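Novice: Supplied in structure tokens, the structure appears directly below.
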Amino acid sequence: MNRVLDGIRVLDFGRYIAGPFCASLLADLGAEVIRIEKVQGSEDRFLSPITPQGDGALFMQMGRNKLGMTLNPMKPEGQEIVRRLVATADVVVANLPPDTLQAMGLDYESLRVIRPDIILTMISAFGSGGPYSNRIGFDGLGQAMSGAMYMSGTPEQPMKSYTPFVDYGTASLSAFGTMAALLERQKTGRGQVVEAALFTTALTFMNGTLIEQDAIAVNRTSTLNRSQTSAPADTFKTRDGWVLVQSVGGPLFERWVALMGEPHWLDDPRFKDDISRGDNGAIISERLARWCAERSSAEVLAEMEEARLPAGPVLSPQNVLDDPHVAAAAMLQRVDYPGLPHPAPVMKPPVSLSVTPPSIRHRAPTLGEHTDRILGELGYSVEEIKALRSARIV
């Protein structure tokens, strides 16, 4: 089967999520991705360990479709391997500080000397051009410094999302930028730098709120799960669990009023449009909370579906694994890995193409699994590879 990125080689020097998941998305589309780790294994390999050897749950997702090799690029012999790898590559992905990139020979000017049309996808915490440029950081800082954390939780307790959405968003935007750079290179033969940052992703996601604040100085504070710009939109406790109801627009509000059997809501000026309903959402939430408390989650969801109101259960991770829609739509692909008691449920590529679909073709690599093969392709002999291993270069 032909794939969009067949014939493209990507060197993945990423760490944790933003870099590695960018490379994962490219691998799903057919690129040959080589994940390059520290000789002892990079730290993100071991997050949330689930195998006897300590390999982590996140790495099962991030490492899919990749080849794996170990390398110490800070030693002269390691830098020579980097040069040989770059000469064969189309894209280098790295979420490392600029000074580290330069020390490893992965800055754009160094790469261009080896391959003039190379594409460097570089990801940092704060991007270039400002006083934070050289700071290091993770997803949480993007959430905290963009206003997202302030607007979650309550005024007494800001709340970071458990899901690192800034990391995943940055990875996705980086893959988008890399694809654009590959298209440009196809047309003109030119390589370039693709730059993304956690902070710019977080600001992108919060931009509407920032525009509103600048325009009318509304000075919003957080209201936990209750929306401030429409209603009913909140989480509600049922007799046996929790559900989320989320509605936007007059027609959905009218359906909710009909479900409640209380037409007076439509005549109240406090609820005349979305923003008015958001401003007075606590009143609507209180009414719906009483309605939900009298019913089981299944009853609430059945009546919501009959009324065509968007609603869903608040599921635990185990509930998600057991969900019938997840199973029927085959969203998770069981992928084996050495040491696992059974194959891991890896989420399939999140975007589908009808003619050249992305796919999971093989599991994440064990530590250094393909080092010998890759070095052999670069021209190293068996004896030279043994010597590199003895010197802890690979």
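The values are calculated or read from the model by the stated rules, or taken from the named source; none is laboratory data. All figures in this text were calculated on a predicted structure; none of them were measured in a lab. Virtual Cβ from ideal backbone geometry, glycine too; neighbours counted across all protein chains shown.
Novice: If we keep just the residues of region 104-163 that are of a type in the set (A, V, I, L, M, F, W, C) and free of Cβ contacts under 8 Å to residues at least 24 places away in the same chain, which is farthest from Ala94 (Cα to Cα)?
Specialist: Keep residues of region 104-163 that are of a type in the set (A, V, I, L, M, F, W, C), which gives 104, 106, 111, 113-114, 118-120, 122-123, 125-126, 136, 138, 141, 144-145, 148-149, 151, 159.
Keeping just the survivors that are free of Cβ contacts under 8 Å to residues at least 24 places away in the same chain gives 113, 144, 149.
Working: Val113: 18, Ala144: 24, Met149: 27 Å.
Filtering region 104-163 for residues that are of a type in the set (A, V, I, L, M, F, W, C) and free of Cβ contacts under 8 Å to residues at least 24 places away in the same chain, the one farthest from Ala94 (Cα to Cα) comes out as Met149.
Novice: Would you call Glu195 assigned to a strand (DSSP E or B) and acidic (Asp, Glu)?
Specialist: yes
Novice: Testing Thr121 on (1) among the polar types (S, T, N, Q); (2) under 18 Å from Ala23 (Cα atoms); (3) surrounded by fewer than 15 Cβ atoms within 10 Å (Cβ to Cβ), one condition comes back false. Which one is that?
Specialist: Failed condition: (3).
Novice: On the basis of being under 18 Å from Ala197 (Cα atoms) and surrounded by fewer than 20 Cβ atoms within 10 Å (Cβ to Cβ), does Gly127 make the cut?
Specialist: yes
Novice: Here are the criteria: (1) under 16 Å from the mean Cα position of the chain (by Cα); (2) farther than 28 Å from Val92 by Cβ. Tell me which single one Phe199 does not satisfy.
Specialist: Of everything listed in (1) under 16 Å from the mean Cα position of the chain (by Cα); (2) farther than 28 Å from Val92 by Cβ, Phe199 misses just condition (2).
Novice: Can you pull out the residues in region 148-180 that are buried (at least 19 other Cβ atoms within 10 Å of the Cβ) and not in a helix (DSSP H, G or I)?
Specialist: Hits for region 148-180 are Ala148, Met149, Pro164.
Novice: For the list (1) closer than 21 Å to Ile17 by Cα; (2) in contact with a Ser or Thr (Cβ under 8 Å, 6 or more places away or on another chain); (3) assigned to a loop (DSSP other than H, G, I, E, B), I need the number of the one condition that Gln143 fails.
Specialist: Only one criterion is unmet by Gln143, namely (3).
Novice: Starting from region 42-56, keep only residues that are farther than 16 Å from Pro343 by Cβ and touching a residue at least 40 places away in the same chain (Cβ under 8 Å), then list their pairs with residues that are crowded, with 18+ Cβ neighbours inside 10 Å and of a type in the set (Asp, Glu) whose Cβ atoms are within a distance under 8 Å, requiring at least 6 positions of separation or different chains.
Specialist: So the pair list comes out as Arg45/Glu37; Arg45/Asp55.
Novice: Can you tell me which residue is surrounded by the fewest Cβ atoms within 10 Å (Cβ to Cβ) among those in region 368-394 that are on the phi < 0 side of the Ramachandran plot and not in a helix (DSSP H, G or I)?
Specialist: Applying the filter and picking the extreme gives Ser381.
Novice: Can I ask one more? Given the residues Glu377, Glu383, which is the only one that is within 24 Å of Ser24 (Cβ to Cβ), in the same structural domain as Asn65 (by TED's automatic domain parsing), out of contact with any Leu (no Cβ under 9 Å at 6 or more places or on another chain) and not aliphatic (A, V, I, L, M)? Show your work before the answer.
Specialist: Working: Glu383 fails: within 24 Å of Ser24 (Cβ to Cβ).
It is Glu377.
Novice: Let me ask something else. Please specify each residue of region 167-176 satisfying the condition of being within 26 Å of Ser316 (Cα to Cα) and touching a residue at least 40 places away in the same chain (Cβ under 8 Å).
Specialist: Matches in region 167-176: Asp167, Tyr168, Thr170, Ala171, Ser172.
Novice: Then there is this: Is there a residue being under 16 Å from Ser24 (Cα atoms), touching a Pro at 6+ places or on another chain (Cβ under 9 Å) and among the aromatic types (Phe, Trp, Tyr) anywhere in region 116-138?
Specialist: No, the conditions are met nowhere in region 116-138.
Novice: Can we say Arg361 is in contact (Cβ under 8 Å) with a residue 60 or more places away in the chain, in the same structural domain as Gln79 (by TED's automatic domain parsing), surrounded by fewer than 19 Cβ atoms within 10 Å (Cβ to Cβ) and not in a loop (DSSP other than H, G, I, E, B)?
Specialist: It is false that Arg361 is in contact (Cβ under 8 Å) with a residue 60 or more places away in the chain, in the same structural domain as Gln79 (by TED's automatic domain parsing), surrounded by fewer than 19 Cβ atoms within 10 Å (Cβ to Cβ) and not in a loop (DSSP other than H, G, I, E, B).
Novice: Is at least one residue of region 216-223 surrounded by fewer than 16 Cβ atoms within 10 Å (Cβ to Cβ), outside any loop (DSSP other than H, G, I, E, B) and not assigned by TED's automatic domain parsing to the domain that holds Ala148? Show your work before the answer.
Specialist: Step one: of region 216-223, the residues surrounded by fewer than 16 Cβ atoms within 10 Å (Cβ to Cβ) are 216-221.
Of the ones still in play, those that are also outside any loop (DSSP other than H, G, I, E, B) are 216.
Those left that are additionally not assigned by TED's automatic domain parsing to the domain that holds Ala148: 216.
Yes, because at least one residue in region 216-223 is surrounded by fewer than 16 Cβ atoms within 10 Å (Cβ to Cβ), outside any loop (DSSP other than H, G, I, E, B) and not assigned by TED's automatic domain parsing to the domain that holds Ala148.
Novice: Still on this structure, I have one more. Got at least one residue in region 199-210 being in a helix (DSSP H, G or I), over 29 Å from Pro97 (Cα atoms), touching a residue at least 60 places away in the same chain (Cβ under 8 Å) and out of contact with any Pro (no Cβ under 7 Å at 6 or more places or on another chain)?
Specialist: Yes - at least one qualifying residue is present in region 199-210.
Novice: Being free of Cβ contacts under 8 Å to residues at least 12 places away in the same chain and among the charged types (D, E, K, R) is the filter; apply it to region 308-333 and report the residue that is surrounded by the most Cβ atoms within 10 Å (Cβ to Cβ).
Specialist: Asp323
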